Amino acid sequence: MINAMTYYLKQRGVVIPIVVIGLLAMLAVAGLAIDGSHALANKTRAQNTVDAAALAAAKVLDETGGDIAPATAAANSLFSINADAAGNHELNRAYDAGDITVTVQYSTTVNPFIPGAPAGPFVRVIATGFDTATTLSRVLSINDISTPATAVAGPSGPLGSGEGANVCDIAPIAVCNGDNKGADAVPPFGFVTESLTVLKPGPGNHGDIGPGNYKMLRLGCNGGSCLRHNLAGSYDDCQTVGDYVETEPGVSSGPTSQGFNTRFGIYQGGGMNSEDYPPDRVTTEQDPDILKACEDDSVDPPVDHIYMTSAPGKNYCKHYDPVDVPWVNDEVLVADDINYSYDEWYYDSLPPNTFPADSKKNRRVLAFPVVECTGNQNGQSSLKVLGFTCLFMLQSLPSGQNDGGGKIIGEFIDSCEVNGTAGNNPPGANPLLYKIQLYKNADSRDS
């Protein structure tokens, strides 16, 4: 009897710490859920407040022709007013106590946003020091959760595609007006979102522009070295709708692949390095041996068709016949037909917080000038800029021209992150309309 009682007491002594540990675990899980939701609500309140402050500052900056003193005052004033609004008592208490620091910065470009002079026209408002006090999460020694917020605002680019609209940091490749026309084409240029296209044709296929031209452009300089560096991202000037761009005649396969492939973290000489030209954060690509572009010369001018090959190899396009198998079954027209599209794969793959130190977001998303291609230019020519379009680069550029190689394949996407120069007074005899709007802050995923 005594032994049984002793055994019972020993077992009860074992159960008590297990129950305590279980209760602590339950409290921790409940605390993370409750306190996380609380912090998210405060984050939303703080974000709404800095959004309003940034819009107010950008509007005043625009109205005063770039005077940052009243713009900064407007940002701070509206932040204070909104912090004092109903439901923002925690935000207001922290602001009144001096815990929150509001920083107002100005930049001439959105991405990258570079604070400093000259001021504007873009404004960034940053609120730091706002912490949400926890309750049950204190069992995990989490006493507060940081809830900072940041917002960027400024004028839009000139609305529409009229004379005077301009875009910076463009790629030195011309896209012909109506290159991708179809039933779902989006005006004014006839591009179908999520459709695929060949940007750089192979030797001999130059009917869109004229003999000797392969849609390569001279932007600020000429020659193979210029093309190499511009394809890597060296060109940071702007082009304007209505102006003319000069073609860079010749195939230039070496400089083209050396510059272009830096975006995939591939460095093949020519002075290319990751410090000057970092890779994209995501470099996984379509296998260039699988995604091919074969030239159909049964039409005039010849056109390229894109295929996910069922029989990859150097001879895939050698006996190309667009009406025979395997080409009929292998042809792809839209992003859904490939493995690594922009919306369904690339965008979701961008790491939210951690990424290679030498990488840069969206290096595979390029803006291209849309030009009028008549096919009658001969040699070095001038092409009128009609507008701009954005494409996602699907794969690196194989060296050589055989079997569909030497061709850049892209996917049309809805828009690029803004890199235009909106300006307070858009150029032209009839200034284009623009609006003050919020922009995605490249340095903050949830702005």
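The values are calculated or read from the model by the stated rules, or taken from the named source; none is laboratory data. Model, not experiment: these values are computed from the prediction. Heads up, the Cβs are rebuilt from the backbone with ideal geometry, glycines too, and the neighbour counts pull from every protein chain shown.
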Subject >> Odd one out for Ala71 among (1) over 29 Å from the mean Cα position of the chain (by Cα); (2) modelled with pLDDT of 90 or more; (3) farther than 22 Å from Thr44 by Cβ >> reply: (1)
**OP:** Test Gly212 against the stated conditions and say whether it is assigned by TED's automatic domain parsing to the domain that holds Arg363 and crowded, with 18+ Cβ neighbours inside 10 Å.
**Re:** no
Subject >> Residues (outside any loop (DSSP other than H, G, I, E, B), touching a helix residue (DSSP H, G or I) at 6+ places or on another chain (Cβ under 8 Å) and in contact (Cβ under 8 Å) with a residue 60 or more places away in the chain) located in segment 219-261 >> reply: Leu231, Gly254, Thr256, Phe260
**OP:** Check Asp96 against each of (1) over 23 Å from Tyr439 (Cβ atoms); (2) touching an Asp or Glu at 6+ places or on another chain (Cβ under 8 Å) and name the one condition it does not meet.
**Re:** (2)
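Out of Asn3, Asn42, I need the residue that is modelled with pLDDT of 65 or more and polar (S, T, N, Q). Which one?
On the way: Asn3 fails: modelled with pLDDT of 65 or more.
Only one candidate passes the filter, namely Asn42.
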Subject >> Search result, residues across segment 88-110 that are surrounded by fewer than 18 Cβ atoms within 10 Å (Cβ to Cβ) and either among the small types (Gly, Ala, Ser) or not assigned by TED's automatic domain parsing to the domain that holds Leu55 (or both) >> reply: Ala97, Gly98
Subject >> Candidate set: segment 109-143, residues that are modelled with pLDDT under 75 and of a type in the set (Gly, Ala, Ser); chosen: the one nearest to Lys435 (Cα to Cα) >> reply: Gly120
Subject >> Given (1) over 29 Å from Ser382 (Cβ atoms); (2) buried (at least 16 other Cβ atoms within 10 Å of the Cβ); (3) touching a helix residue (DSSP H, G or I) at 6+ places or on another chain (Cβ under 9 Å), number of the condition Gly269 does not satisfy >> reply: (2)
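Conditions (1) at pLDDT 70 or above; (2) buried (at least 21 other Cβ atoms within 10 Å of the Cβ); (3) more than 30 Å from Asn273 (Cβ to Cβ); (4) among the hydroxyl-bearing types (Ser, Thr, Tyr), marked per residue:
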residue	(1), (2), (3), (4)
Pro148	yes, no, yes, no
Pro158	no, yes, yes, no
Lys200	yes, yes, no, no
Arg228	yes, yes, no, no
**OP:** Could you tell me whether Ser310 is touching a helix residue (DSSP H, G or I) at 6+ places or on another chain (Cβ under 7 Å) and modelled with pLDDT of 85 or more?
**Re:** no
**OP:** Kindly indicate which of Tyr307, Tyr346, Tyr340 is in a loop (DSSP other than H, G, I, E, B), hydroxyl-bearing (Ser, Thr, Tyr) and either touching a Cys at 6+ places or on another chain (Cβ under 6 Å) or in the same structural domain as Ala171 (by TED's automatic domain parsing) (or both).
**Re:** Tyr340
Original post:
Within segment 233-248, restricting attention to residues that are in contact with a strand residue (DSSP E or B) (Cβ under 8 Å, 6 or more places away or on another chain) and modelled with pLDDT of 85 or more, which residue is surrounded by the most Cβ atoms within 10 Å (Cβ to Cβ)?
Top reply: Glu248
Original post:
Restricting attention to segment 383-399, which residues are out of contact with any Phe, Trp or Tyr (no Cβ under 6 Å at 6 or more places or on another chain) and not in a strand (DSSP E or B)?
Top reply: Leu394, Gln395, Pro398, Ser399
Original post:
Taking the stated definitions as given, is Gln286 in a helix (DSSP H, G or I) and in contact (Cβ under 8 Å) with a residue 24 or more places away in the chain?
Top reply: no
Original post:
Somewhere in segment 64-87, is a residue surrounded by 21 or more Cβ atoms within 10 Å (Cβ to Cβ), touching a Phe, Trp or Tyr at 6+ places or on another chain (Cβ under 6 Å) and β-branched (Val, Ile, Thr)?
Top reply: no
Original post:
Within the set of pairs 6+ apart or on separate chains, which have a first residue in segment 336-362 that is under 19 Å from Phe113 (Cα atoms), a second that is polar (S, T, N, Q) and at pLDDT 70 or above, and C-beta atoms under 6 Å apart?
Top reply: Asp358/Ser274
Original post:
What are the residues in segment 278-336 that are surrounded by fewer than 18 Cβ atoms within 10 Å (Cβ to Cβ), among the acidic types (Asp, Glu) and in contact with a strand residue (DSSP E or B) (Cβ under 7 Å, 6 or more places away or on another chain), if any?
Top reply: Asp296, Glu331
**OP:** For segment 321-331, state whether one or more residues are in contact (Cβ under 8 Å) with a residue 40 or more places away in the chain and either out of contact with any His (no Cβ under 9 Å at 6 or more places or on another chain) or assigned to a loop (DSSP other than H, G, I, E, B) (or both).
**Re:** no
